[in-house]
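One structure is given below, encoded as structure tokens.
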Amino acid sequence: MSQDGDTVGMVLLPGGSFLMGTDDAEGFPEDGEGPVREVTLASFWIDAFAVSNERFARFVDDTGYVTDAERFGWSYVFAGLLPAALRRGAPRPDEAPWWCGVSGAYWRAPEGPGSGLGGRADHPVVHVSWHDAVAYCRWAGTRLPTEAEWEYAARGGLVQRRYPWGDELTPDGEHRCNIWQGRFPTRNTAEDGYRSTAPVDAFPPNGFGLYNMAGNVWEWCADAWRADHPAKVMRGGSYLCHESYCNRYRVAARTSNTPDSTVGNLGFRCARDAG
Ligand SMILES: [Ca+2]
Ligand SMILES: [Ca+2]
Ligand SMILES: [Cu+2]
């Protein structure tokens, strides 16, 4: 049974105009972060939290849905989270050798065979493709946020700031999101408290009451990366982002993946039209 009409756990954001994108010198112009432009949005609802394992389980239990990672029989897991036996011999992409293709990895077994969701019911679901996320949204009577909605939401009412809370990564030395500390990809000191995913309600929310827009897991958006491109936009960065190589936990940062891609640091949250 779908939950059509249900806005529990969502925040209503009033429509209006905002300045999208950045010309930040610390940004990645080649990603299309700029130029800064004014964008006008209608009012919309958005989840305060990324979709958790518990929420996704309700969908799967109700529908019997089989995710893309299950159909393909494998997914990408960060090497540093794997036991040696699974790490050894796992195929790794040349351009990002810290990812291991792990047979049997999917949302209920995030680090492959032998792993489970114990203690992680309230963590964001991962190893979900864009198609899986859209299927969840259809069941829930929601949709993925557009990229503009996502950024407007992430900014939390601030204008042209670098992060959802301001311009400083760790104001007063305090960690405000779940990213990587130490030396990527070999040493994660987890000073923010988390080596992998954090609960969806970890860290204080932004000015709109939204949690973990920056860091924790990347989040799928509805939009295509470019008009002529099959890949879909992802926003917000993840627990693997580090300022030394990928500071894409900035609110204007963006990247993409093909819609059937699944990986252990990529999830989503829902939006819906208002009125
Ligand atoms: Ca962390
Ligand atoms: Ca996030
Ligand atoms: Cu990153």
Rounded Å value of the spacing that divides the Cα centres of region 146-217 and region 56-88: 25
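Would you mind estimating how fast region 1-94 diffuses translationally, via Stokes-Einstein at 10 °C and 1.306 mPa s with the Kirkwood radius over Cα pairs, in µm²/s? Provide the component values of the computation, followed by the final result.
Working: Rh = 18.4 Å.
The diffusion coefficient I find is 86 µm²/s.
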Over the chain: helical MRE at 222 nm, DSSP H runs n ≥ 4 each giving -39500 (n - 2.57), nearest 500: -4000 deg cm²/dmol
Principal axes of the chain: Cα extent on each, largest first, Å: 51, 46, 39
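Considering only DSSP beta bridges with both partners in the chain, what is the antiparallel share in %, to the nearest 5? Present the calculation step by step, with values, prior to reporting the outcome.
Values: 30 of 33 bridges.
DSSP beta bridges in the chain are roughly 90 percent antiparallel.
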Cβ charges +1 (Lys, Arg) and -1 (Asp, Glu), total dipole of the chain, debye: 600
Computed over the chain: relative contact order in percent, which uses C-alpha pairs under 8 Å that are six or more apart: 24
Label-point separation in nm, Arg92 to Ala121, each point 7 Å along Cα→Cβ: 3.6
Table column - 3J(HN,Hα) (Hz), region 102-109, Karplus curve with 6.51, -1.76, 1.60, x for Gly and Pro: 10, 5, x, 7, 7, 4, 7, 10
Directionally averaged shadow of region 166-275, computed from the convex hull of its alpha-carbon atoms, nm²: 8.3
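Any read-out appearing in this document is the output of simple, stated calculations on the displayed coordinates, not a laboratory observation. Only a predicted model underlies this, so the values are computations on that prediction, with no experimental measurement involved. Neighbour counts run over all protein chains shown; Cβ positions are idealised from the backbone, glycine included.
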